[in-house]
Amino acid sequence: MNKSVPYVTLNDDKMMPQLGLGVWKATDDQARQAVRTAFETGYRAIDTASIYNNETGVGQGLEDAGLPRETYFVTTKVWNADQGAQPSREAALRSLDRLKLDYVDLLLIHWPLPQKDEYLDTWKTLIALRDEGRALSIGVSNFNPNHLQRLIDETGVTPSVNQVEMHPYFQRADLRAVHEKLGIHTEAWSPLAQGKVADDPVLQAIAAKYGKTAAQVTLRWHLDNGVIVIPKSVTPERIAANFDVLELELDAQDREQIARLEDNQRLGPDPETFDMGA
């Protein structure tokens, strides 16, 4: 089987794997082993964040793997409490130290926190870090169109990626249309709706047709939509299964059935009001 991961070209001409491993809720030890397993499986992208408290484990896993630095892609994020010009710089440098890296491939602002209103200053710091080579690409997470437009209007720099909640029950068509217009790539967190897709009869029926699982069908649907997807797992079998979607081909009827699952069901916080850890 061809295990070649598809790549997308970001708006800064950098290449990013479209399928990666997320390590939310993993301990350092779990993250270390998951990174090693993922790389052995064929993944070349890892998504972490300072608030996950496992950057050290991710860094150890990267070191264990021993791959040339230019062959893999690492994303991390500036947490809410670290927003603002100087705090975000210091936080990003701490992340690099924990990861044992000279640079990350993608650095994101984790949440906009409009109440705190420091995301513009934080964005300016990310631009500076990119210019210094500490982050090759920069982007955001959980930003709404008004937040995105403000960054662009005030700095002239468009985020490369917006990582947002997206799954069959919250398909984000309006936001993805904005992203397409602005040249921003959509990246999905909770792509499997926190496991809900596994019990969905529509997805199960599609999966049975191909000898796959509902989760695998869902990941293939994300990829078909041009979305970057980072399913989280620390289980070797699940890490392998999530990767085994690259040759699956959904047909038009499958896609129509999945489209009808949309019910605007947000499982995570609303970016307009979320301020945890601020």
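Hey, does the stretch 6-13 have a residue that's touching a Leu at 6+ places or on another chain (Cβ under 8 Å) and at pLDDT below 95? Within the stretch 6-13 (the criterion being touching a Leu at 6+ places or on another chain (Cβ under 8 Å) and at pLDDT below 95), the answer is no, since none of the residues qualifies. Based on this model, can you work out whether Q86 counts as part of a helix (DSSP H, G or I) and under 20 Å from L126 (Cα atoms)? Judged against the criteria, Q86 is a match.
Pairing residues of the stretch 53-71 that are among the hydrophobic types (A, V, I, L, M, F, W, C) with residues that are open to solvent by 40 Å² or more (accessible area, probe 1.4 Å) and not in a loop (DSSP other than H, G, I, E, B), at Cβ distances under 7 Å and at least 6 apart in sequence or on separate chains, gives A65/R36. Sub-8 Å Cβ pairs linking a first residue in the stretch 140-163 that is part of a loop (DSSP other than H, G, I, E, B) and aliphatic (A, V, I, L, M) to a second residue that is surrounded by fewer than 23 Cβ atoms within 10 Å (Cβ to Cβ) and at pLDDT 95 or above, at least 6 apart or interchain, are V157/I127, ordered by first then second residue. When L93 is tested against (1) in contact with a helix residue (DSSP H, G or I) (Cβ under 8 Å, 6 or more places away or on another chain); (2) in a helix (DSSP H, G or I); (3) surrounded by fewer than 19 Cβ atoms within 10 Å (Cβ to Cβ), just one condition goes unmet, and that condition is (1). Scanning the stretch 97-125 for residues that are farther than 24 Å from D153 by Cβ and either modelled with pLDDT under 95 or surrounded by fewer than 21 Cβ atoms within 10 Å (Cβ to Cβ) (or both) turns up D97, R98, K100, L101, D102, Y103.
Consider the stretch 218-260 and keep the residues that are under 19 Å from the mean Cα position of the chain (by Cα), in a helix (DSSP H, G or I) and not aliphatic (A, V, I, L, M). The one that is nearest to F39 (Cα to Cα) is F243.
The values are calculated or read from the model by the stated rules, or taken from the named source; none is laboratory data. Keep in mind that what you see is a predicted model, and the values were worked out from it rather than measured. Reconstructed Cβ throughout: ideal geometry from the backbone, glycine too, with neighbour counts over all protein chains shown. Ligands, DNA and RNA are excluded from the accessible area calculation, which covers all protein heavy atoms including side chains. Shrake-Rupley method; radii C 1.70, N 1.55, O 1.52, S 1.80 Å.
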